[in-house]
Amino acid sequence: MWEDYYRPSTLDEALKILASCKGEARVIAGGTDLVLDIKKGSKKAKYLVDIRDIDGVNVIEEKGDKLYLGAGVTHTQAASSILIRNKATALAEAASQVGSVQIRNVGTIVGNVVNAQPAADTAVALVALEAEAEIAFTDGSKQLVKVEELYEGPGKSKVDSTSSIVTGIYIPLRERSKSVFKRLARRKSLALPVINVAVTVVLEEGHHVSYAGVAAGPVGPQPQRFKEVEEFLRGKTLTASVIEEAAQLAARLAQPRDSVLRGSKEYRKDLLRVLIARSLQSLAITI
Amino acid sequence: MKKRGIGYGCMMYAIGFGFGRPDNAAASVEIGEDGTVTVLSGCADMGQGSTEMIALIVAEELGILPEDVQIFTADTATTPDAGPSTASRQTYVTGHAAKKAAAEVKESLIESAAELLGVKPEGITFKNREVYYNGEKTRLTVAEVAAHCRRTGRKFIGWGWHNITTPDVDPETNQGDAYAAYTFATQAAEVEVDTETGEVTVLRVVAAHDVGRAINPLAIEGQIEGGVAMGLGYALMEELILDQGRPLTPTLAEYLIPTAQDVPPVVSLIVEEEEPTGPFGAKGVGEPPNIATAPAIINAIYNAVGVRVTELPATPEKIRQLLKEKGY
């Protein structure tokens, strides 16, 4: 399927291989999506560049006012990291529910983002948390881009994995913030979500919301952020009526597709309302 | 809101092909000088435990231990036809053929033992590789008897054929007794229904199955647990969806079956009501556990939230729709 498989130990080396292969090499980490795509023929790669041996690629740490996780961090690592569980709870909860144990042990968070599926659990959490991806290019430059801006369409990322590498993710840390992730699928594990949502709020001491992040999938071509709902919540106290109004607003704004396999548009809108309301309820309780 | 309910499902199921369709099986049993036996049977074991069932029946009949039995199965070049492993029939039909084959060998072993002990054959029995006379343990082992049987030129191989073909029902009235044996079961399921999402969680299942005589209780429990898991999938998620004849669910990524997280604890209750026409009173348990689960779950949903699902699977969306119509 491919001619050569490289395991560089530095980022520079990895970028050099990509540059010298002139578009015929592609970045691989867990490969849980990419290998299937290559087998199906939907993605082509003459060479694969495995970034998991790069120094520091598995790091999870606080960097200033941000939480950083490297491109090699797997779902299992994210789900079991005390740091992520405490400071980016939605991401840990999302990571713990992706696929199966085997997939979580191998697949990476960054891979889940770059694969660009509209309902990727961890990507929905990262969009709600306003996370940024750090991208390194073959010319040596680096760029920080918000995860929600990495999408070109369903299954299509703006990240070109033949000429650039997402090296890690930065999640802004906000004082007194809490976050939560919820999903419903047609069985209890190893199934794509009918709807998933991630919500974060910062609750001030007077109990009003000073910041909110709300995202969901699959309700559009990419993990969708609900800025109107965030706006609505700002300055309000999470009472039952505020929660219901916010959830209904999200349901009105969402444009999910009818899916024979995963549920009708109407049901998904209804479910979105329920899951957002439940998320806000749980955040209101856990101050 | 989450609401709980309990529901029951009862079933009866006929063993074998019935309706005049030919239904029979054959097996052979040969005993060696060391008291171990070789069984040939066409019975195909797909993991349900039929090979072990045959070993247990032959060992029981000959008074030896299951580990003394070597079996060759499901080889069309060498093993006698036992019919397919369908219709929950292998214990009932092939088990019986194996028992008959072993009984033929036992006849000449009894004759040999009587000769060695200088007694009448009527009081001879075999148990745990030992020979008993009128209930008293003798100095002889089954292996010694087998060696004597072979040295004295007696028959050391038995052939069993068992036929359960029934008459067909009356072609005019469709009345009659179509099957050779019937099995019965009742299952109870407890569920929790999320009234806002329609999601159903099965909390536990209790499954009581009449199996005649339990030849291998642990294997029966395995059959019951597996059948309940399949029944749960049938009730809640399994669905072949077609688009103009083209399946939209061609792989297990789309055609969902229960995972370990979906299957609740299953309490298996084995009910032993001996079936006079079965080997040692045994019937079959292959398919029955899959039959009562879906009705039990659907009834439990009704008990929990008062909605009646009339088309499977009971997906969250379907239940949510029914709840909506009820004003939830």
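The values are calculated or read from the model by the stated rules, or taken from the named source; none is laboratory data. The model shown is predicted, which means the values in this text are computed figures rather than measured ones. Note that we place each Cβ from the backbone using ideal geometry, even for glycine, and neighbour counts take in every protein chain shown.
A few notes on this one:
- Here A:Ser241 does not fit the description of being under 26 Å from B:Pro313 (Cα atoms), over 20 Å from the mean Cα position of the chain (by Cα) and hydroxyl-bearing (Ser, Thr, Tyr).
- Hey, A:Ser279 in a helix (DSSP H, G or I), among the hydroxyl-bearing types (Ser, Thr, Tyr), over 29 Å from B:Ile257 (Cβ atoms) and within 14 Å of chain B (Cβ to nearest Cβ) or not: yes
- The condition (being under 15 Å from B:Gly32 (Cα atoms) and hydrophobic (A, V, I, L, M, F, W, C)) is satisfied by just one residue among B:Ile64, B:Ile124, B:Ile57: B:Ile64.
- In the stretch B:246-265, the residues that are within 8 Å of chain A (Cβ to nearest Cβ) reach residues that are among the basic types (Lys, Arg) with C-beta atoms within less than 7 angstrom, at least six apart or across chains, in these pairs: B:Leu256/A:Arg186; B:Leu256/A:Arg187; B:Pro258/A:Arg187; B:Thr259/A:Arg187; B:Thr259/A:Lys188; B:Gln261/A:Lys188; B:Asp262/A:Arg187; B:Asp262/A:Lys188.
- Inside the stretch A:1-53, residues that are of a type outside the set (Lys, Arg) and outside any loop (DSSP other than H, G, I, E, B) make up a count of 25.
- Verdict on A:Val219 being assigned to a strand (DSSP E or B) and assigned by TED's automatic domain parsing to the domain that holds A:Pro256: no
- Restricting A:Ile169, A:Ile135, A:Ile165 to those that are out of contact with any Asp or Glu (no Cβ under 6 Å at 6 or more places or on another chain), modelled with pLDDT of 95 or more, under 18 Å from A:Asn86 (Cα atoms) and of a type outside the set (Ser, Thr, Tyr) reduces the list to A:Ile169.
- Residue in the stretch B:190-202 that is assigned to a strand (DSSP E or B) and either surrounded by fewer than 19 Cβ atoms within 10 Å (Cβ to Cβ) or of a type in the set (S, T, N, Q) (or both) present: yes
- The condition of being of a type in the set (A, V, I, L, M), modelled with pLDDT of 95 or more and under 30 Å from B:Pro316 (Cβ atoms) holds for only one of B:Val131, B:Val145, B:Val206, B:Val169, that being B:Val206.
- Any hit, the stretch B:267-285, residues being more than 23 Å from B:Arg4 (Cβ to Cβ) and either among the aromatic types (Phe, Trp, Tyr) or within 11 Å of chain A (Cβ to nearest Cβ) (or both): yes
- Hey, B:Ala185 touching a residue at least 24 places away in the same chain (Cβ under 8 Å), within 14 Å of chain A (Cβ to nearest Cβ) and crowded, with 21+ Cβ neighbours inside 10 Å or not: no
- Of A:Asp50, A:Asp55, all but one fail to be exposed (fewer than 15 other Cβ atoms within 10 Å of the Cβ) and more than 16 Å from the chain's Cα centre (by Cα); the exception is A:Asp55.
- Single match in B:Gly153, B:Gly158, B:Gly176, B:Gly198 (criterion: closer than 27 Å to B:Gln90 by Cα, modelled with pLDDT of 95 or more and of a type outside the set (A, V, I, L, M)): B:Gly158
- Residue list for the stretch B:84-109, restricted to those being more than 15 Å from the chain's Cα centre (by Cα) and of a type outside the set (Val, Ile, Thr): B:Ala97, B:Ala98, B:Lys99, B:Lys100, B:Ala101, B:Ala102, B:Ala103, B:Glu104, B:Lys106, B:Glu107, B:Ser108, B:Leu109
- Whichever residue in the stretch A:242-277 is touching an Asp or Glu at 6+ places or on another chain (Cβ under 8 Å) and under 17 Å from A:Glu230 (Cα atoms) and, among such residues, is surrounded by the fewest Cβ atoms within 10 Å (Cβ to Cβ): A:Leu253
- Unique match (being touching a residue at least 12 places away in the same chain (Cβ under 8 Å) and surrounded by fewer than 20 Cβ atoms within 10 Å (Cβ to Cβ)) among B:Lys3, B:Lys106: B:Lys3
- First in the stretch A:137-157 and farther than 26 Å from A:Ala119 by Cβ, second anywhere and in a loop (DSSP other than H, G, I, E, B), Cβ under 6 Å, 6 or more apart: A:Thr138/A:Ser163
- Residue that is nearest to the other protein chains (Cβ to nearest Cβ), among those in the stretch B:213-245 that are farther than 28 Å from B:Gln90 by Cα and surrounded by fewer than 21 Cβ atoms within 10 Å (Cβ to Cβ): B:Ile241
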